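Worksheet: the structure to be examined is printed underneath.
Bear in mind these aren't lab numbers, they're just calculated from the coordinates by the rules spelled out. Only a predicted model underlies this, so the values are computations on that prediction, with no experimental measurement involved. So basically every Cβ, Gly included, is an ideal-geometry build from the backbone, and we count neighbours across all protein chains shown.
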Amino acid sequence: MARYTGPRTKKARAFGEAIYGPDRAFDKRKYRPGQHGTSRRRKQNSDYAIQLMEKQKAKYTYGILERQFRNIFEKASSKSGVTGEILLQLLEGRLDNTVFRLGIAPTRRAARQLVTHKHICVNGIVSNIPSMTLRPGDVVSVRGKSQNLEVIQNSISTKSEVRKWVWLEWNPDLREGRFIAYPEREQIPEKINEQLIVELYSK
């Protein structure tokens, strides 16, 4: 399955945010990459460049390539409601993102790998499709024989105090979580201006 495999810190520096989570290398060099990254003079970006940058930031944050992101946007556009908010809800409802939010994996990239390697079940059935869109009431769990994996055990133990997402429920005894509902916009912590993405695709 296609995914971005390039340098993550470089991308984070380009956006000026640690979009992949805590990063010591990013903290040391918060300026833009390249030989002119530390230059004080910066040309003013056009509206198109700003919109494009916001779309790119959303793509890399959730680990999605262009065609798939476009398909998700078109799906969001076909639904009634605020397109930008629905777009973020669909991104949050992906299986790999939910595995990450539940604390089963330390990063979205690790969550995607757990799913593709068949370590995750949805409603008791093994799923290896990271882009699967969950529905309210779906139960995401660690496959029985995979519960002793070191990466899963470490992530669950270190993230036990961070599970604050109101649209998810976590059962530590069964090592499973429930997707209660799609989150409201104010509940999603990602610093993404979804309206700029809508404007970009509306041209």
With θ set to phi - 60° and the Karplus curve 6.51 cos²θ - 1.76 cosθ + 1.60, what are the ³J(HN,Hα) couplings of the range 47-63 in order, to the nearest whole Hz, using x for Gly and Pro? 4, 4, 5, 5, 5, 5, 4, 5, 5, 4, 4, 5, 4, 6, 4, 9, x
Through the Karplus equation 6.51 cos²θ - 1.76 cosθ + 1.60, θ set to phi - 60°, convert the phi angles of the range 92-98 into ³J(HN,Hα) values in whole Hz; use x for Gly and Pro. 5, x, 5, 4, 5, 5, 5
Estimated dipole of the range 94-181 in Debye, rounded to 20 [Cβ of Lys and Arg +1, of Asp and Glu -1, Cα centre]: 240
Which of the peptides 83-91, 98-106 is most tightly packed, and how do the rest follow, going by the mean number of other Cβ atoms within 10 Å of each residue? 98-106, 83-91
